[in-house]
Every structure is written in C-alpha cells, then in structure tokens.
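Here's the structure we're looking at; comments come further down.
Values in this text are rule-based calculations from the coordinates and carry no lab data. Treat the numbers as computed from the prediction; the structure is a model and nothing was measured. Backbone-built Cβ (ideal geometry, glycine too); neighbour counts: all protein chains shown.
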Amino acid sequence: MSVVLQEIIMITAVEVDIITLVALITAAVGGSYLGATVANKVNKLKIKFGMSLVLFVSVILMILQHLKLELL
C-alpha cells in the first residue's frame, strides 16, 4: 500500500506524460519477468561472480574519478 501511495504522490507532484509512464511501467514489468527467467536458468555462482566483477570495476572507476583521473 505504501508504494502505491508514494507513486500517487510522485505522479501528482511531478508532471509525467502518460505515454512515458506506461512505457516505463511496461519496461519494468517485462524486464523483471525476463530477468527472473534468465536468472533461474543461469548458475548462481556465475551470477555472483559477474555481479562482483561489475561492482569491482565500478569501485575502481569511482576512485579514479574521485582522484580526477579520467580513464574513460
């Protein structure tokens, strides 16, 4: 119930085009369904390794940006 209330407040506070709203909701539902389907078929260890690798690269890029070193 609280999520619905938050979304109603957000939609009334921020002007959102109905086409954009429907497109975002559709993409979120489709992405969550597709992601759950794929995640159930993939080895859990591979998912953990992939997520760890992406987080590690993100941390390195954040540190480089903090130190003002442009890599990308």
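Some observations on this one:
- Pairs where the first residue, in segment 45-64, is over 18 Å from GLY35 (Cβ atoms) and the second is assigned to a helix (DSSP H, G or I) and polar (S, T, N, Q), C-beta under 7 Å, 6+ apart: none
- Qualifying residue in segment 18-33 (condition: part of a loop (DSSP other than H, G, I, E, B) and among the hydrophobic types (A, V, I, L, M, F, W, C)): no
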